[in-house]
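Student: One structure follows; several queries about it will come next.
The values are calculated or read from the model by the stated rules, or taken from the named source; none is laboratory data. The structure displayed is predicted, hence computed values, not measured ones. As a convention, Cβ positions derive from the backbone with ideal geometry for all residues, glycine included, and neighbour counts pool all protein chains shown. For accessibility, only protein heavy atoms count, side chains too; no ligands or nucleic acids. Shrake-Rupley method; radii C 1.70, N 1.55, O 1.52, S 1.80 Å.
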Amino acid sequence: MTMVSMEVVYPDDFRCPISLEVMTDPVILASGHTFERASIQRWIDSGHRTCPVTMLPLPPHSFLIPNHALRSLIANFSPFTAGASRSNSMLSVQESLICSLSYPTDVATLSLLLRLTKEDPAFRHRLADSGAPSVLLRHAELSDPDDLQALSLRILLYISLDGDDARVGLVADGALDPLTHALAAGGPNAALAATILTSLSVVEVNKCTIGAHPSAIPTLSGLIRSGKGRERREAATALYELSKFPDNRPRAVRSGAVPALVSFASDGSERAVEVLGLIAKCREGREAMRSVKGFVKVLAGVLREGRARGVEHALLVLNLTCSDSLKMICEVKQEGVEEICFMLVELDNGKVGRNALMMVRTLEKGGMGGFR
């Protein structure tokens, strides 16, 4: 009779980062990482004052907090073997993980949650319908420790991709305050928060709710103005999605978004030009653009050197801002836009060419005294 090998397979998240053994008494260090109590106590007793994983300094009085959720998860884990059902075992782990999740949690638990949320749409759906988002949102609001916030935001992003019900549910669960706090803090986690806002804004009712939040659009505008590469890009994309809702366009203007977007467009951002195209559809937006020094020069630069999509939207913005302003028409002509449009009409028979032709007609109308 052949003996079946009964190799036990545990998730890596169940193992102590120091001993690499499955933990029996997991505790959370101030850094947010979890260790076997005996292993981390030896580390501290040896005089180390840093986290073994991040190597960042620990507070002078670093307490070890029992990780009851992970301990329960390990204790209830039914390891799959050659003769057991892997799917049933994993389902048991997933349900235990969801049921045991509470605040505060730790890096190991959130890392396991993130992996399951990415890999298993069914788990993601169950997670969205559970009480887990409220725990994740509490961590998303706090930047200390930073990795707990990042993990929580990434999980929340995947939850938001589960569908419109999940998006509406997150907003109803109070996602906007934690997300705007993360935005205001800046850095990579601000970019993650902006990406989540973009996903939430796909739903029409959320566009209204997010736009009405006192900090959402102003914080996005601030990030476009003073953020770095990815932060600015993600904030501009979120504002683009929000600005599809007409009531949010004047809100963006009042938040100072227009000069920030013009500056970003001068740095080569096509997305910034697209957002300006939406905001220019409201009177306040056109007035704000006409008051920005160098506005026409920036968009003329896009026409000369930008790619097709940027050129298409730059023409739209210029056409809208010239449609009720003779002064703007004169400025646009002085910048050589009319000559560029003639060339674009000849070279392009798509959207760019059509927008260029509309621009030419607007300029000619102004030249013939079409505006007072």
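Student: Multiply the residue gap between K281 and D164 by 0.36 nm, knock off their C-alpha separation, and tell me the result in nm, one decimal place. It would help to have the intermediate numbers written out before the result.
Tutor: Values: separation 117, 0.36 × 117 = 42.12 nm, distance 2.72 nm.
The K281-D164 span can extend by a further 39.4 nm.
Student: Let me ask something additional. So how far apart, in nm, are the two label points at A122 and R309 if each is 7 Å from Cα heading toward Cβ?
Tutor: Using points 7 Å along Cα→Cβ, the separation is 3.6 nm.
Student: Further, regarding this structure: Accessible area per residue, 1.4 Å probe, Å², for the chain: what's the number?
Tutor: Working: 17710 Å² over 372 residues.
That works out to 48 Å² per residue.
Student: Now for a separate question. Residue separation times 0.36 nm, minus the C-alpha to C-alpha distance between R361 and A172: what's the value? All intermediate terms of the calculation are to be shown ahead of the outcome.
Tutor: Numbers: separation 189, 0.36 × 189 = 68.04 nm, distance 4.76 nm.
Fully extending the segment from R361 to A172 adds 63.3 nm.
Student: Roughly how many debye, to the nearest 20, is the charge dipole of the chain about its Cα centre, given +1 on each Lys and Arg Cβ, -1 on each Asp and Glu Cβ, and no other charges? Working shown, then result.
Tutor: Numbers: 40 positive and 41 negative charges, 262 e Å.
Magnitude of the dipole: close to 1260 debye.
Student: Sticking with this one: Can you list residues from other chains, or at least 5 along the same chain, whose modelled amide H is less than 5 Å from the amide H of N67?
Tutor: Counting only residues 5 or more places away or on other chains, the set is V27, I28.
Student: Also, quick follow-up: Based on the Cβ-Cβ distance of E21 and D267, what FRET efficiency does E = 1/(1 + (r/R0)^6) give at R0 = 45 Å, to the nearest 0.05? Could the numbers behind the result be given before it?
Tutor: On the way: r = 51 Å, r/R0 = 1.14.
Taking R0 as 45 Å, the efficiency between E21 and D267 is 0.30.
Student: Same structure, new question: Under the Karplus relation 6.51 cos²θ - 1.76 cosθ + 1.60, θ = phi - 60°, what is the ordered set of whole-Hz ³J(HN,Hα) values for segment 253-269, x standing for Gly and Pro?
Tutor: 4, 5, 7, x, 5, 4, x, 5, 5, 5, 4, 5, 5, 5, 8, x, 7
Student: I would also like to ask the following. Considering the options G227, V345, G306, tell which one lies farthest towards the positive end of the dipole of the chain, charges being +1 on Lys and Arg and -1 on Asp and Glu at the Cβ, about the Cα centre.
Tutor: Result: V345, furthest along the dipole toward the positive end.
Student: Would you kindly find the accessible area of C99, with a 1.4 Å probe and non-protein molecules such as ligands, DNA and RNA excluded, rounding to the nearest 10 Å²?
Tutor: 110 Å²
Student: Leaving out ligands, DNA and RNA, and with a 1.4 Å probe, what % of the accessible surface on segment 256-372 is carbon or sulfur? Write out the running numbers ahead of the final one.
Tutor: Details: 2930 of 5830 Å².
Heavy-atom surface of segment 256-372 belonging to carbon and sulfur, 1.4 Å probe: 50 percent.
Student: Moving on to the next point. Estimate the FRET efficiency between D12 and S46 by the formula 1/(1 + (r/R0)^6), using the beta-carbon distance for r and 25 Å for R0, to the nearest 0.05. All intermediate terms of the calculation are to be shown ahead of the outcome.
Tutor: Numbers: r = 25 Å, r/R0 = 0.99.
Rounded to the nearest 0.05, the efficiency is 0.50.
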